[in-house]
Amino acid sequence: MTDDRTWINRYIGTPHKTNGRGPDGFDCWGLMLAVWREQRGIELPDFMAPNDASFVEAVEAVGKFYKEWPTVAPAVQVEAGREWDFVAVIRRRAALHMGLLIGGGVLHSSYPQGAVWDPEPRFNQFYPSREYWRWLG
């Protein structure tokens, strides 16, 4: 892997889609799966909301997966994030959104804007309650 981050542009602008696993749409976790598989050759564990899930049900599925993550994935929570760490957006002690620290910003997919890269200060301002996780696998 090089320090060249132009590959990020391949994902930017992809629409948000509940349970989206690409290439025509991603939810926040689907984007993480695609990036890790395509850029690092690593298959992360997957989960999905029910096919007919409402937005609230999809967010609840993220929260449930997040609570189970330490038991199904070799990841640890860290105090401060670094390149390739996951950013979990927390509300009411549950994760509702995930992103990936890349190149001084966060690559993430949310409704309605789809996949975007936000500079970390901007992401942190919009999502003030965060936790960082590092993949050990």
Quiz item: Of the residues ILE102, ILE12, ILE42, which exhibits the maximal mean-square fluctuation in a Gaussian network model of the chain defined by a 10 Å Cα contact cut-off?
Solution: ILE42
Quiz item: Tell me, how many Å apart are the Cα centres for segment 10-45 and for segment 63-137?
Solution: 14 Å
Quiz prompt | Prolate/oblate/rounded label for the chain (Cα gyration tensor, a/c 1.5) | solution = rounded
Quiz item: Excluding VAL72 itself, what net charge comes from residues whose Cβ is under 13 Å from its Cβ, given Lys and Arg +1 and Asp and Glu -1?
Solution: -1
Quiz prompt | Cα→Cβ-extended label distance, 7 Å offset, between VAL72 and TRP135, nm | solution = 1.6 nm
Quiz item: How large is ³J(HN,Hα) for each residue in segment 5-21, as worked out from phi by the Karplus curve 6.51 cos²θ - 1.76 cosθ + 1.60 (θ = phi - 60°), to whole Hz, x for Gly and Pro?
Solution: 9, 5, 4, 4, 4, 5, 9, 4, x, 5, x, 7, 8, 4, 6, x, 10
Self-check item: Computed E for ILE12/ASN124 - FRET, C-beta separation, R0 25 angstrom, nearest 0.05
Solution: 0.80
Exercise. Using DSSP, restrict attention to beta bridges with both residues in segment 7-135 and report what percent are antiparallel, rounded to the nearest 5.
Key: 95 percent
Quiz item: If each residue's Cβ is checked for other Cβ atoms within 10 Å, how do MET32, MET48 rank with the fewest at the top?
Solution: MET48, MET32
Practice problem: Pick out, in residue order, every one of the chymotrypsin sites (Phe, Trp or Tyr not before Pro) in segment 65-107 that is DSSP loop and has at most 14 other C-beta atoms within 10 Å; say none if there are none. | Solution: none
Practice problem: Select from PRO121, PRO15, PRO112 the residue whose mean-square fluctuation is largest in a Gaussian network model of the chain (Cα-Cα springs shorter than 10 Å). | Solution: PRO112
Quiz item: If you average the sequence gap of Cα pairs under 8 Å that are 6 or more apart and divide by the length of the chain, what percent do you get for the contact order?
Solution: 28 percent
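None of the figures in this text is laboratory data; all of them are computed from the coordinates on show. Worth saying up front: this structure is predicted, and the values here are computed from it rather than measured. For neighbour counting, all protein chains shown are included, and Cβ atoms are generated from backbone atoms with ideal geometry for every residue, glycine included.
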